[in-house]
Amino acid sequence: MNKIKWGLIGCGDIAQKRVAPALRDLPRCELVAVSRARPELAESFAKAFGARKWYATWQEMLGDPEIDAVYVATPPRWHAAQTVAAAEGGKHVLCEKPMAMDVAECDRMIAACRANNVKLGIAYYRHCYPAVTRIKQALASGEVGKVVFAQVNAFEWFDPAPSHPRYWFVKQEAGGGPMFDFGCHRIELLLHLLGPIQEVKSLTAKVAFEREVEDTAAALFQFKSGACASLAVTHASAEPQDTLDIYGTRGSIHVAVLNQGEIRIMSGGATRAESHPPAPNLHRPLIEDFIKAVVENRAPVVTGEMGRAVAEIEAEIYASSEPGSGEPPKPGAP
């Protein structure tokens with residue numbers, strides 16, 4: 001198989017900005033068909049990205065024998081059903097994060113793909129950042145010694161109006177608040193860099209907004225290696241943050257903005273700055289790896305098993321904490 005023919009399920013913001021351009025532009029790809037929840041818009045999306053076909057439903061699209069693989073870019077509540085159906089139709093699946101609503105759904109997805117001998121990848125695209133690869137190398141070399149503690153902050157301001165197309169992110173149907181939506185990216189990153197997690201403690205809260213899911217959450221992890229880490233996420237910070245700090249017995253690694261790839265390594269009394277920026281299209285390297293995995297008949301860099309591991313940690317976070325019950329402060333209150 002020299003060129004993978006793709007179907008795209010879901011045509012939202014990320015699909016439009018990153019996924020469809022990558023499927024259109026990569027040399028071993030052909031974007032054949034799209035489907036979307038608003039079928040009246042499917043045709044225009046397909047034509048904008050060079051797809052020859054468009055479908056009113058994803059079920060119809062999965063019946064297309066020309067399609068080799070599908071990218072699932074729908075809300076998480078649809079991931080399991082769509083992945084299982086695609087696998088049963090003999091199609092490889094690259095699924096958006098988070099993988100599914102719970103661990104049981106992840107297990108169904110993995111089992112279906114195994115039973116039908118198709119590949120399953122999860123779109124934790126930060127795994128493929130050059131900066132992350134460099135950090136992994138630095139940790140393996142022992143340059144900063146044994147890792148003692150890691151700290152990750154992911155802060156943004158997100159307060160959509162009910163008319164906003166992404167308002168569903170603050171509804172229970174999303175599966176959770178910022179810890180579920182983008183905290184999962186950071187959990188995958190920590191698992192990739194530091195290994196399995198053996199203990200989780202957490203809290204979630206509605207600090208600034210009254211909504212169905214948390215607006216702020218924090219988790220403490222202990223890894224099987226003995227290292228510890230903290231992860232803090234929020235929708236309610238005026239100051240955005242996307243930080244990673246790793247402290248070891250001989251030095252430390254600091255990334256002020258992970259999406260920019262500037263790294264500062266401190267070791268042996270010296271400080272070194274390095275620059276490892278990500279690709280302009282953040283999804284492209286991960287999609288490219290998935291294509292190679294299909295062609296070379298190997299596992300993708302982010303497997304369904306990794307997606308399941310993240311879901312398991314997310315489940316522990318939410319099980320060990322309850323959203324704050326107090327009313328959020330009134331506007332202008334101290």
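The table for this structure:
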read-out: Percent accessible area from carbon and sulfur atoms, region 206-290, protein chains only, probe 1.4 Å; value: 55 percent
read-out: Accessible area per residue, Å², region 1-96 with all protein chains present, probe 1.4 Å; value: 41 Å²
read-out: Per-residue ³J(HN,Hα) for region 228-234, Karplus 6.51 cos²θ - 1.76 cosθ + 1.60, θ = phi - 60°, Hz, x for Gly and Pro; value: 10, 7, 10, 10, 10, 9, 7
read-out: Solvent-accessible area, 1.4 Å probe, carbon plus sulfur percent, for region 1-49; value: 47 percent
read-out: Cβ-based net charge around S252, under 11 Å, with every Lys or Arg adding one and every Asp or Glu removing one; value: 0
read-out: Paired Rg and Dmax values of region 199-294, which use every Cα atom, in angstrom; value: 17.4, 48
read-out: Antiparallel DSSP beta bridges within the chain, as percent of all bridges there, nearest 5; value: 60 percent
read-out: Cα-based Kirkwood hydrodynamic radius, region 1-122, one decimal, Å; value: 14.0 Å
read-out: Mean ellipticity per residue at 222 nm, deg cm²/dmol - from DSSP H runs of n ≥ 4 across the chain, formula -39500 (n - 2.57); value: -8500 deg cm²/dmol
read-out: Computed over region 147-269, Kirkwood Rh from alpha-carbon pairs, angstrom; value: 15.4 Å
read-out: Long-range HN-HN contacts of H276 with modeled amide H, under 5 Å; value: E262, I263
read-out: Computed log₁₀ I(q)/I(0) - Debye formula, equal Cα scatterers, no solvent, the chain, q 0.14 Å⁻¹; value: -1.16
read-out: Sequence-distant residues sharing a close amide H with G121 (under 5 Å, placed H); value: V93, L94, C95
read-out: For region 239-247, 3J(HN,Hα) per residue [Karplus equation, 6.51 cos²θ - 1.76 cosθ + 1.60, θ = phi - 60°, Hz, x = Gly/Pro]; value: 9, x, 9, 8, 9, 9, 10, 10, 10
read-out: Cα-centred dipole magnitude for the chain, charges only on beta-carbon of K, R (+1) and D, E (-1), debye, nearest 20; value: 940 debye
read-out: Per-peptide average of other Cβ atoms within 10 Å, ordering 13-25, 129-141 highest first; value: 13-25, 129-141
read-out: Phi-based couplings in Hz for region 10-20 (Karplus 6.51, -1.76, 1.60; Gly and Pro marked x); value: x, 10, x, 4, 5, 4, 6, 7, 10, 5, 4
read-out: 4 °C / 1.567 mPa s Stokes-Einstein diffusion coefficient of region 79-220, Kirkwood radius on C-alpha pairs, µm²/s; value: 74 µm²/s
read-out: Calculated log₁₀ intensity ratio I(q)/I(0) where the Debye formula runs over C-alpha points of region 70-146, q = 0.21 Å⁻¹; value: -0.81
read-out: Solvent exposure of region 104-231 as accessible area per residue, Å², 1.4 Å probe; value: 40 Å²
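The values are calculated or read from the model by the stated rules, or taken from the named source; none is laboratory data. For clarity, every value in this text was computed on a predicted model and none was experimentally measured. Here the Cβ is made from the backbone with ideal geometry for all residues, glycine too, and neighbour counts use every protein chain on show. For accessibility, only protein heavy atoms count, side chains too; no ligands or nucleic acids. Shrake-Rupley method; radii C 1.70, N 1.55, O 1.52, S 1.80 Å.
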